[in-house]
Amino acid sequence: MLQKILIVILSCFLLIGMFSMSAYADEYVIALVVKNVGNPFFDAVARGGQDACDDLGHTLIFQGPPTPTVEGQIEIIENLIAQRVDAICVSANDYDALVPVMQRAMDAGILAISFDSGIHPDGRLLHINQADFELIGRLQVQAIAEMIDFEGEIAVLSAGATMTNQNIWIEWMQEELKEPEYENMELVTIVYGDDLRDKSYNEAMGLFKSYPDLRGIISPTTVGIGATGKAITDAGLIGQVQLTGLGLPSEMAEWIQNGACQAMFLWNPVDLGYLTTYVAGLLLDGEISGAVGEEFAAGRMGEKVVTEAEDGGIEVLLGPPFRFDASNIDEWKDVY
Ligand code: RAM
């Protein structure tokens, strides 16, 4: 009798073992490579990536160089190729310079995706776009114009000079500024804080010195806008220099509450990480092929569709951006 019970128990263990082995065989390793680590925006992206991996049963690797350099990203991607991960999803520090290494990844059978800050279609299968580029660019000009009554000098404080997403948004800002309602406004300069807190803060302080009549700053980077909010506050310029751009509610709550920034915009970075990782998982599982027009269910993000991207490649769009101001910042500051 005891022998029979033992055999039954042993067979159960064997069966469980077989099932968990087969589950493991289906498990893919998806790497998110970000512009740099230490940026809370990308920490939020990683949270979403982990959620998607939990939903699909895959494994997430989250990496980025200590500072936002293309060399640092190339080194990381080379190591990921050597480790034979299944997918590499990169938010690029340069549109062109990552193409060769991402092509090497594809040659090694690795799925290549860009998200947030894209790379040239030659180096990717598809791009996950956070929000309509044109809308994001135009919205920020419209917001600063209202804050300064459509009159005076404005400046842009960007991230890195080669970063794809910021450069496209700035191009759309310049387009918007050509409209007649902005004829009394002048974009005096574009400076780069390289998505480093201290450098961005110093660039903002430099703007106050170089342009004493400056009335507004647009900062299309969560690092830059946070640093500029602090700089405006420290320099005693609240009300004199207005601020808008793309900010993380958790980092901007203080500067919205003290009046340094009346309003700013962003999409949900947790959702961006989730969608990117989920799409990678679906492509690896063979659930989608990535053909233009293909519609699919993206887990908790609902229905999504593969479309043509502005640069001739293909993309999946997350959705519209949100506006944050004193009326809603408290609701969002603990979310991301
Ligand atoms: C910074 C990064 C990121 C960008 C946001 C708005 O965190 O530059 O790429 O999407 O700002």
Which residue is farthest from Pro320 (Cα to Cα), if the candidates are limited to the range 122-134 and must be part of a strand (DSSP E or B) and either within 16 Å of the ligand (Cβ to nearest atom) or without any contact (Cβ under 8 Å) to a residue 60 or more places away in the chain (or both)?
His127
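Would you point out which residue out of Asp122, Asp132, Asp116, Asp94 is surrounded by fewer than 18 Cβ atoms within 10 Å (Cβ to Cβ), of a type outside the set (A, V, I, L, M), under 16 Å from the mean Cα position of the chain (by Cα) and closer than 30 Å to Gln174 by Cα?
That would be Asp132, the only listed residue that is surrounded by fewer than 18 Cβ atoms within 10 Å (Cβ to Cβ), of a type outside the set (A, V, I, L, M), under 16 Å from the mean Cα position of the chain (by Cα) and closer than 30 Å to Gln174 by Cα.
Go through the range 279-315 residue by residue and tally those that are of a type in the set (Lys, Arg) and open to solvent by 40 Å² or more (accessible area, probe 1.4 Å).
Filtering the range 279-315 for residues of a type in the set (Lys, Arg) gives 300, 304.
Next, only the ones that are open to solvent by 40 Å² or more (accessible area, probe 1.4 Å) stay: 300.
Of the residues in the range 279-315, 1 are of a type in the set (Lys, Arg) and open to solvent by 40 Å² or more (accessible area, probe 1.4 Å).
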Any residue at all in the range 107-121 that is closer than 27 Å to His58 by Cα and part of a helix (DSSP H, G or I)?
yes
Looking at Ser91 and the list (1) among the polar types (S, T, N, Q); (2) closer than 21 Å to Thr276 by Cβ; (3) more than 13 Å from the ligand (Cβ to nearest atom), which single condition is not satisfied?
(3)
Considering only the range 195-214, how many residues are closer than 23 Å to Val141 by Cβ and either of a type in the set (Phe, Trp, Tyr) or part of a loop (DSSP other than H, G, I, E, B) (or both)?
5
The residue that is farthest from the ligand (Cβ to nearest atom), considering only those in the range 204-225 that are more than 17 Å from Asn268 (Cα to Cα) and in contact with a helix residue (DSSP H, G or I) (Cβ under 7 Å, 6 or more places away or on another chain), is Leu214
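Within the range 32-58, work out how many residues are acidic (Asp, Glu) and either within 16 Å of the ligand (Cβ to nearest atom) or on the phi > 0 side of the Ramachandran plot (or both).
Qualifying residue count for the region: 1.
Determine which member of the set Thr228, Thr189 is among the polar types (S, T, N, Q), away from the ligand (no atom under 16 Å from the Cβ), open to solvent by less than 40 Å² (accessible area, probe 1.4 Å) and within 14 Å of Ile154 (Cα to Cα).
From the options Thr228, Thr189, the qualifying one is Thr189.
The values are calculated or read from the model by the stated rules, or taken from the named source; none is laboratory data. Keep in mind it's a predicted model, so treat the numbers as computed, not measured. A quick note on method: Cβ atoms are made from the backbone with ideal geometry, for glycine too, and the neighbour counts reach across all protein chains shown. Remember, those area values only see protein heavy atoms, side chains included, never the ligands or the DNA or RNA. Shrake-Rupley method; radii C 1.70, N 1.55, O 1.52, S 1.80 Å.
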